[in-house]
Structures are given as structure tokens and as C-alpha cells.
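Enquirer: I have a structure here, written as C-alpha cells, and I will follow up with some questions on it.
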Amino acid sequence: METSRIRDRPVVILDTSVMMYAIQERVDLLEGIKEMLGNVDFLVTEEVVKEISELSRGRGKKGELARVSEKVYLSKIDTISTGEKSADLSILSLSENISRERRVFVATADMKLKKELRNRGISVIFPRNRKKLELDPQIPIG
């Protein structure tokens with residue numbers, strides 16, 4: 001495949017919350033996003049991987065969702081280190097950096113992160129009405 005074609009594909013950065021949501025609600029997250037946007041490149045930040053790893057050590061429902069998220073998603077998705085202190089800061093930083101050269105989306109179920117991304121003009125994919133993913137309608141796809 002041509003390198004230019006790969007660079008033309010949008011990038012979707014996944015947040016911990018949306019991966020755990022997808023496991024809990026039995027949503028095919030990656031396929032749902034591909035149906036919405038076509039061919040995309042998925043990324044997670046090293047800080048998101050650390051966050052999921054920490055949560056997976058816990059007991060209860062959150063720990064189980066994190067463990068399943070590790071198995072289902074993290075083995076399939078490229079990881080990038082940003083050097084940021086938190087998962088949210090790493091997503092904000094990476095999405096802004098990528099947006100300079102490529103179309104970028106962030107998939108999250110975290111309302112605080114969603115609001116900050118919207119304020120920065122980054123397109124957001126979020127869960128709506130349980131098993132449905134939606135693209136933030138305030139930001140044009142073009």
C-alpha cells in the first residue's frame with residue numbers, strides 16, 4: 001500500500017473509558033468506528049495502557065472490564081508514548097499533534113475529556129444510548 005494513502009487515513013485515538021464501555025455493553029468498538037469513518041488507524045497512548053494496566057489489578061467490575069480491554073484491544077492497536085503524566089493529558093497532546101497533519105478523532109466515554117477535546121476543535125466519537133457510537137455533531141467531518 002502506498003505511504004500517501006496511509007497518511008490520508010484518519011487516526012482514531014482510544015481512551016480507557018470507551019474501551020471499557022465497549023466491553024461492558026458488548027459493542028464492537030473497532031468495527032463500529034470503521035463503519036462510521038472507513039479505514040482508519042487506531043492508536044492508544046502509553047499512558048492509557050498504564051491506566052488500564054493499573055485498573056486491571058483491581059477487583060470487581062472495573063478490574064474485570066480493564067482485564068478484558070487489555071486482551072481485546074491493546075494487542076491489536078499501536079501504542080505511542082507522549083511523556084505526559086496522565087492518560088487524558090496524553091490524549092489531548094497526541095490529538096493536537098496529529099491534527100496538524102492528519103484528520104484525528106478521539107473515542108471516549110469520559111464527559112470531561114469530551115468537553116476539553118471539543119474546546120480544542122478535536123472530533124469526538126462517544127457512546128450514546130447504550131450500544132450506539134456517535135460522532136460529535138458540532139464538529140464537521142470534512
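Enquirer: How many residues, within segment 55-77, are surrounded by 13 or more Cβ atoms within 10 Å (Cβ to Cβ) and touching a residue at least 12 places away in the same chain (Cβ under 8 Å)?
Expert: Qualifying residue count for the region: 12.
Enquirer: Checking VAL106 against (1) of a type outside the set (Gly, Ala, Ser); (2) modelled with pLDDT under 95; (3) touching an Asp or Glu at 6+ places or on another chain (Cβ under 9 Å); (4) surrounded by 16 or more Cβ atoms within 10 Å (Cβ to Cβ), which test does it fail?
Expert: (2)
Enquirer: Scan segment 54-91 for residues that are among the polar types (S, T, N, Q) and in contact with a helix residue (DSSP H, G or I) (Cβ under 8 Å, 6 or more places away or on another chain) and jot them down.
Expert: Passing the criteria: SER56, SER69, THR79, SER81, THR82, SER86, SER90.
Enquirer: Where the second residue is of a type in the set (Phe, Trp, Tyr) and surrounded by 15 or more Cβ atoms within 10 Å (Cβ to Cβ) and the first is farther than 16 Å from SER17 by Cα and lies in segment 83-106, which pairs have Cβ atoms under 9 Å and are six or more apart or on separate chains?
Expert: SER95/PHE105
Enquirer: GLU35 - would you say it is free of Cβ contacts under 8 Å to residues at least 24 places away in the same chain, farther than 18 Å from THR82 by Cα and out of contact with any His (no Cβ under 6 Å at 6 or more places or on another chain)?
Expert: yes
Enquirer: Look at segment 81-113 and say how many of its residues are part of a loop (DSSP other than H, G, I, E, B) and not hydrophobic (A, V, I, L, M, F, W, C).
Expert: Looking only at that region, the number is 12.
The values are calculated or read from the model by the stated rules, or taken from the named source; none is laboratory data. Computed from a predicted model, the values in this text were never measured in an experiment. We place every Cβ from the backbone using ideal geometry, glycine too, and count neighbours over all the protein chains shown.
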